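Asks: One structure, as structure tokens, below. Some questions next.
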């Protein structure tokens, strides 16, 4: 029954282990294939699980499969177990499906990079960790997966380990996430202390039936939200994500767009009974989401690095998902997670082709007019952009509007405010997305672009003769291993939204409802009013951006506001002053002012005293040692003899 | 009988190695053989051990009946694991000695084997005076090993180590005598409970020096950085765990009232050690300094679990003792291997060693990640159990411990990057070799055990004490 899900989970782990153990005995390409195939095997396992579940009645679609007891301490036990239900299956499919495409793409993108095998081992490790996160059968195992995706993210951001910027970004990501893990762990300690278990069923039951006091539930929910906000780069724990763009582009696509960063949304949906028992915390999630979607959308308007624009866009879109989960529209939050995985992975991979083509250039001010040289990428990026903005009938339209409509249906002041934030976010999305697309692909080709167009022409000619180099230079847009995944994602971004049309056709919603029942349901009227508003908002954004960019102006003409936005509202500076520097100063102070003088200083005193007493430095040192060793040895021997004799 | 064999085998081998006029190579080979035989013997003991069955493999010979002193040895679940830690790490340390071809081989291997034998004796003791004898016996080889084979500041390191441990030992001796006379027996299994705070504090201070806990850690940095790497591995990995054993087996069962009365002080001390060690680890200039202070922090964490005296915390403390013993030993050996290549352990002169050295990079990365307790690792499981166990004694301790998770991430990543990442350091010329097969053979067993424990931490945490009621088993009262 759960064999498919276990195979799905373990296949990438086996892949990662095999690549690591084989070391240099396999070629780079073989390592790439092992990783790609192991992830596609995982996808097959997820498909098998889906089909099995489809054959069951709705109420029989939840299976907990226990392998063995992972941790046992005192009366506390946590099993190595997986939970197969409609929610985890959807996540398994997205993670292994999109993951497989991106690992495959990596084979072309990373060809020739140093230490490629290590890259593929890390990618497979990541997919395993992410699958563990979504399949985990209890909260502790979920925390393990939670931490392991952070680890894989650290390893992959810092993949180019000779670049200090990459290592610094990797460390930052890990430490912010460790903070999130710690907050979450604290919530778990509280649950263990009250309930003695971290299994889903008893925890959710206790949260639902009032067995836990309000304070306990609120604190536990806050712990979960802290972890979720750190992993999903929501304000105020968002600062690591833009820096994470130091990692290779496929990593950004997989970890920092399609899967890991959306784990917070999955967590809220998975543990929704806890959040529903603590409505203030759930609303806080929605408010954080709304704040993030606006702030990230604003910052995205002024970024000049192609990947960073997309990174801020990711933060902003996850803000929508938090908003959805926060008002209890779990199905739509997951729906947006799925469609976002398609179009955002697509945007990153297409951006990867651009970066690849321009030999690593990421500054959009040096780009322009690429549509002529990269026609297929232009098409893909265009579809991704429109899907992101939410133009019907592309994927983002259905999912984002459903979330905003749910905010409206929540009602009250909060509902209205969230609705307004959602619509305002749509304007921003339209503006930054079109700006990026226009600067990169439209207009006249920049000098850099022309230079590379010529360069690739040469490469093409040589490539025909050189079999090994053929794939790398087969086309200016990259080898088939890069183009096919991008093609597949283009199709998904275009039509992937059709798995759910709010109010009319809702297989995904029905499917998820048996696992997570939504709190709100927007009426069809609310849906269509929202859709109209959101599309109009997106169009306004597009129009503003098009007017500005085609005239060569910046989107934010006011210099002061620009400075603030370029500094990302000074969050980094604030944390540096408030946390990082004081911690370092404290550590340095402890070392220089406490440890050195007190401990080592007093030692010197003791030492000197002993030396003076013994007279003569060298003699005293060895003399003291020797006499002590002698005394102890002698007493041990005497004791032993005494025992033997007296006995 | 098996217990006595486990104690005598290394001690007798030590004598043979020391006295037999063998060549350097044969001496080394013989010592390694003895250490491996000890591992095999212990593994056999684990297979036949009944983890629900109380103290086993016991052997008692009354020696001094009037005072109730006897040679009484045997293993309980958790002490069998700690002894295993000593035996495995000891064997690997001897292997490292063989690899680097230590001079004055007969004395060196004799002392190493003597050290292993006496540590196993500590973990096996069921009589308080016997415990004291082994505890002292274990220190002698350490003094000499640090003082003779250590780094440039070895004399100073030894001196401070001697002074601290001597003070601790004297206090403990006084407590041992006072407790034994007062109870009329030295048997740890038969003795009753005492309410004497002073006797209690004598033990606690002695163990606080050994672990070490703040503010008894003055010997730590010099000893850990000046000792030969394999001795530092045993010192931090194994010898510090005799304090854990002493607290769990001597103090908690026989001083429940003083533990209860002074719990806040003890827990605060442990938490302070955790934070202090972690913060200082973050500012150390050299690799071994980072590992040294991280060890101190980890011992603070373990002591949080011990002093909490809850079922979950005690199981976690034992698990973490085994984990920390293995991982800090591995890290000290790796530090030694790096120092041999580059001639320094100074972080500012290292770096960039990952390039072209895939095996070194993988091993250092894996070990470093276990040091910082990445979720899913055995150290994470231990840490989680300990903090969950201490939560019931006050959420503040758990909160401080959770804060230490972030600090551990900070110094752990710094440690990894200092060796592996960024541009090549001044001391790294570029032609230092990758880890050799011989070196890998030393570190890999430790990592392999840690990997097994990561997949199955319950193997240790679920078997340390009979039937789950840890605190009850130990203190005779529900925790």
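A short reminder: the numbers here are calculations on the coordinates, not readings from a lab. Bear in mind that the values here come from a model prediction, so they are computed numbers and not experimental data. Positions of Cβ are generated from backbone atoms using ideal geometry, with glycine treated the same way; all protein chains shown enter the neighbour counts.
Asks: If r is the Cβ-Cβ distance from residue A:56 to residue A:194 and R0 is 41 Å, what FRET efficiency results, to the nearest 0.05? Show your work: numbers first, answer last.
Replies: Details: r = 34 Å, r/R0 = 0.83.
According to the calculation, E is roughly 0.75.
Asks: Which FRET efficiency value, to the nearest 0.05, is calculated for residue A:547 and residue A:14 with the Förster distance at 56 angstrom and r the Cβ-Cβ distance? Write out the running numbers ahead of the final one.
Replies: Values: r = 54 Å, r/R0 = 0.96.
Rounded to the nearest 0.05, the efficiency is 0.55.
Asks: Rank the residues B:407, A:254 as a footprinting-exposure proxy: fewest other Cβ atoms within 10 Å of their Cβ go first.
Replies: Values: B:407 24, A:254 34.
With the fewest neighbours first, B:407, A:254 line up as B:407, A:254.
Asks: What is the distance in Å between the Cα centres of the stretch B:102-178 and the stretch A:267-284?
Replies: Cα centroid to Cα centroid, the span is 56 Å.
Asks: What does the convex hull of the Cα atoms come to per residue for the stretch A:137-209, in Å³? Intermediate values should be presented prior to the final figure.
Replies: Details: hull volume 5.4 nm³, N = 73.
Value for the stretch A:137-209: 73 Å³ per residue.
Asks: A follow-up question, please. Among A:516-526, A:87-97, what's the highest-first ranking by average C-beta atoms within 10 angstrom per residue? Mind showing how you got there, number by number?
Replies: Working: A:516-526: 17.0, A:87-97: 26.0.
Output ranking for A:516-526, A:87-97: A:87-97, A:516-526.
Asks: So what are the three principal axis dimensions of the stretch B:133-236 from its Cα atoms, in whole Å, longest to shortest?
Replies: Sorted largest first, the three principal extents are 47, 24, 18 Å.
Asks: Per the Cauchy relation, a quarter of the hull surface: what is the mean projected area of the convex hull of the alpha carbons in the stretch B:82-180, in nm²? Write out the running numbers ahead of the final one.
Replies: On the way: hull surface 26.5 nm².
With the hull built on Cα positions only, its mean projection is 6.6 nm².
Asks: Over the alpha carbons of the stretch A:312-366, what is the largest minus smallest coordinate on each principal axis, giving the biggest first in Å?
Replies: The Cα atoms of the stretch A:312-366 stretch 45, 18, 10 Å along the principal axes, largest first.
Asks: While we're looking at this one, here's another question. Past the 15 angstrom mark, what percentage of all C-alpha to C-alpha distances in the stretch B:60-126 do you count? Please report the intermediate quantities before stating the final value.
Replies: On the way: 1343 of 2211 pairs.
The proportion of pairs with Cα distances above 15 Å equals 61 percent.
Asks: Further question on the same structure: Largest first and to the nearest Å, give the Cα extent of chain B along each principal axis.
Replies: Answer, in whole Å and largest first: 66, 58, 41 Å.
Asks: On a 0 to 90° scale, report how tilted helix B:395-420 is relative to the longest principal axis of chain B, with both axes built from alpha carbons and the result rounded to the nearest 10.
Replies: Roughly 30 degrees, rounded to the nearest 10.
Asks: Another question, if that's okay. With every atom except the alpha carbons ignored, what do you get for Rg and Dmax of the stretch A:16-82, in angstroms?
Replies: Every Cα atom of the stretch A:16-82 included, Rg and Dmax give 18.1, 50 Å.
Asks: Using a 10 Å cut-off around each Cβ, can you sort B:230, B:339 from fewest to most neighbouring Cβ atoms?
Replies: By the 10 Å Cβ count, ascending, the order reads B:339, B:230.
Asks: To two decimal places, what compactness ratio does the stretch A:291-390 give when its Cα radius of gyration is scaled by 2.2 N^0.38 Å? Write out the running numbers ahead of the final one.
Replies: Values: Rg = 14.6 Å, N = 100, 2.2 N^0.38 = 12.7 Å.
Here the Cα radius of gyration is 1.15 times the empirical estimate.
Asks: A follow-up question, please. Which whole number of Å³ per residue matches the convex hull of the alpha-carbon atoms in the stretch A:298-566?
Replies: Once divided by residue count, the hull of the stretch A:298-566 is 120 Å³.
Asks: Kirkwood-based Rg over Rh for the protein assembly as shown (C-alpha set), two decimals?
Replies: Details: Rg = 31.4 Å, Rh = 31.1 Å.
The Rg/Rh ratio comes out at 1.01.
Asks: Can you list, largest first and rounded to whole Å, the semi-axes you get for the stretch B:1-152 by taking the square root of 5 times each eigenvalue of its Cα gyration tensor?
Replies: Values: eigenvalues 156, 61, 34 Å².
Value: 28, 18, 13 Å, ordered largest first.
Asks: What's the extension gain from residue A:525 to residue A:498 if we count 0.36 nm per residue and subtract their Cα-Cα distance? Walk me through the numbers before you get to the answer.
Replies: Numbers: separation 27, 0.36 × 27 = 9.72 nm, distance 1.93 nm.
Length gained between residue A:525 and residue A:498: 7.8 nm.
Asks: Continuing with the same structure: Would you please state which residues of the stretch B:346-370 a label at residue B:437 would reach in this model, taking the label point 7 Å out along Cα→Cβ and a backbone N cut-off of under 15 Å?
Replies: Answer for the stretch B:346-370: none.
Asks: Rounded to the nearest 10 degrees, what's the angle between the helix B:2-19 long axis and the longest principal axis of chain B, both from Cα atoms, 0 to 90?
Replies: Taking Cα atoms only, the helix is inclined about 50 degrees.
Asks: Using per-residue counts of other Cβ atoms within 10 Å, averaged over each peptide, order A:235-243, B:38-46, A:288-296 from highest down. Each step should come with its number before you reach the end.
Replies: Working: A:235-243: 22.2, B:38-46: 16.4, A:288-296: 25.6.
The densest-packed peptide leads the list: A:288-296, A:235-243, B:38-46.
Asks: Under the definition of partner shielding as Cβ atoms of other protein chains within 10 Å of a residue Cβ, what is the mean value for peptide B:152-160?
Replies: For this peptide, the per-residue mean of nearby foreign Cβ atoms is 4.
Asks: Does anyone have the angle between helix A:617-646 and the longest principal axis of chain A? Alpha-carbon axes, 0 to 90°, nearest 10?
Replies: Helix A:617-646 and the main axis of chain A meet at about 70 degrees.
Asks: Could you tell me the center-to-center distance, by alpha carbons, between the stretch B:412-469 and the stretch B:199-240 in angstrom?
Replies: The stretch B:412-469 and the stretch B:199-240 have Cα centres spaced 22 Å from each other.
Asks: Each label point is 7 Å from the Cα along the Cα-to-Cβ direction; what then is the distance between the points at residue A:480 and residue A:448, in nm?
Replies: Result for the modelled spin labels: 3.2 nm.
Asks: Another one. Taking only the alpha-carbon positions of the stretch B:219-291 and ignoring solvent, what does the Debye formula give for the base-10 log of I(q)/I(0) at q = 0.12, 0.18, 0.22 Å⁻¹?
Replies: After summing over all Cα pairs, the log10 values are -0.46, -0.87, -1.04.
Asks: Subtracting the Cα-Cα distance from 0.36 nm times the residue separation, let me have the gained length for residue A:594 to residue A:114 in nm, one decimal.
Replies: Details: separation 480, 0.36 × 480 = 172.80 nm, distance 4.49 nm.
Length gained, residue A:594 through residue A:114: 168.3 nm.
Asks: Hey, another quick one. Any idea what the alpha-carbon Rg over 2.2 N^0.38 Å comes to for chain A?
Replies: On the way: Rg = 28.4 Å, N = 647, 2.2 N^0.38 = 25.7 Å.
Output field value: 1.10.
Asks: Next question, about the same structure. Once you average over the residues of A:184-191, how many Cβ atoms of partner chains fall within 10 Å of each Cβ? Write down the numbers at each step before the final one.
Replies: Working: counts 2, 10, 9, 0, 4, 13, 4, 1.
Per residue, the number of nearby Cβ atoms from other chains is 5 on average.
Asks: Per residue of A:146-159, how many C-beta atoms from partner chains lie within 10 Å of its own C-beta, taken as a mean?
Replies: Details: counts 2, 7, 5, 1, 3, 6, 0, 0, 5, 2, 0, 0, 7, 0.
The per-residue average across the peptide is 3.
Asks: If I stretch the segment between residue B:104 and residue B:12 completely, what's the gain in nm (0.36 nm per residue apart, minus their alpha carbon distance), one decimal?
Replies: Working: separation 92, 0.36 × 92 = 33.12 nm, distance 1.90 nm.
Length gained between residue B:104 and residue B:12: 31.2 nm.
Asks: Dividing the Cα radius of gyration by the Kirkwood radius, what Rg/Rh value follows for the stretch B:218-347? Display every interim value, and only then the final one.
Replies: Numbers: Rg = 15.5 Å, Rh = 15.2 Å.
For the stretch B:218-347, the value is 1.03.
Asks: What is the distance in Å between the Cα centroid of the stretch A:525-562 and that of the stretch B:330-365?
Replies: Answer, in whole Å: 53.
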